[in-house]
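Only one structure is covered here, and it is reproduced in the block below.
The values are calculated or read from the model by the stated rules, or taken from the named source; none is laboratory data. If you're wondering where the values come from, they're calculated on a predicted model, not measured in any experiment. Virtual Cβ from ideal backbone geometry, glycine too; neighbours counted across all protein chains shown. These accessible areas exclude ligands, DNA and RNA; they are computed on the full protein's heavy atoms, side chains included. Shrake-Rupley method; radii C 1.70, N 1.55, O 1.52, S 1.80 Å.
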Amino acid sequence: MNRLLLIATAVTAVIALTGLGLILTGGLSSPQVAELSQTTPVRSTGVPNIGGPFTLTDHTGREVTEADFAGKKTLIYFGFTYCPDVCPTALQVMSVALGDLGDDAEKVTPIFITVDPERDDVETMAAYVQHFGDDFVGLTGTPEQVAAAAKAYKVYYRKVEDASSSAGYTMDHSSVVYLMSEDNEYLANFTHETQPERMAARLRQFL
């Protein structure tokens with residue numbers, strides 16, 4: 001009996017150690033990990049690697065880089081002027097949120113970067129951004145320049161065939177508004193579901 005008891009105890013210990021090893025090495029299945037996460041708090045550290053150098057042309061025809069916006073926070077949105085609803089809605093939310101800030105809005109530069117440089121030239125961007133406020137900056141560039149800027153901000157976009165468009169295509173793209181610091185460092189982001197009052201309240205926390 002003593003020998004059987006010793007064997008049983010040893011087997012139990014092995015099972016326990018094996019389970020611990022699976023936890024430490026990530027060998028648990030997804031349901032098990034999900035179950036553990038409900039009782040074990042997970043903390044993340046660090047700042048998302050969003051933002052970086054870019055060279056583009058603003059809606060006045062001037063070549064600019066990220067350094068030209070230093071000293072102010074920036075609200076940056078990537079989209080295109082032929083966008084039927086998502087882009088104008090996002091830019092309008094930005095406009096209303098900045099209006100809610102009153103004089104503090106002067107501390108933030110709203111920027112709209114096109115993902116459709118083929119159609120969004122300087123003149124098109126100039127005519128478009130004026131609908132959202134005098135302080136809005138529209139940026140375009142060569143396809144390579146736009147691709148580099150989108151990559152820095154982790155923005156997805158691609159051309160999609162669209163028979164209803166006169167150009168024969170539309171642009172599929174991610175819809176995120178980024179708040180960047182005076183040094184072009186990531187501070188926060190907003191989705192297309194963010195309401196103006198929520199955006200304004202969040203902006204105040206950084207001003």
- Residues with amide H under 5 Å from that of Tyr169, placed H, sequence gap 5 or more: Asp162
- Length gain on complete extension for the stretch Ala152 to Tyr186, per 0.36 nm per residue less the alpha carbon to alpha carbon distance? 11.1 nm
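Let me know the whole percent of all Cα-Cα pairs from region 141-207 that are separated by more than 19 Å.
51 percent
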- Protection-proxy order for peptides 126-132, 108-114, 88-94, each taking the mean of Cβ atoms within 10 Å per residue, highest first: 108-114, 88-94, 126-132
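Tell me the relative contact order for region 94-147 as a rounded percent, counting alpha carbon contacts under 8 Å between residues six or more apart.
RCO, region 94-147: 40 percent.
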- Query: When the chain is fully extended, how far beyond the present Cα-Cα distance does Asp162 get from Gln92, taking 0.36 nm per residue of separation?
  - Reply: 22.7 nm
- Query: Counting only protein heavy atoms, what percent of the accessible surface of region 48-162 is carbon or sulfur at a 1.4 Å probe?
  - Reply: 50 percent
- Under 20 Å from Lys107, Cα to Cα: lysines that are on another chain or at least 8 residues apart: Lys72, Lys73
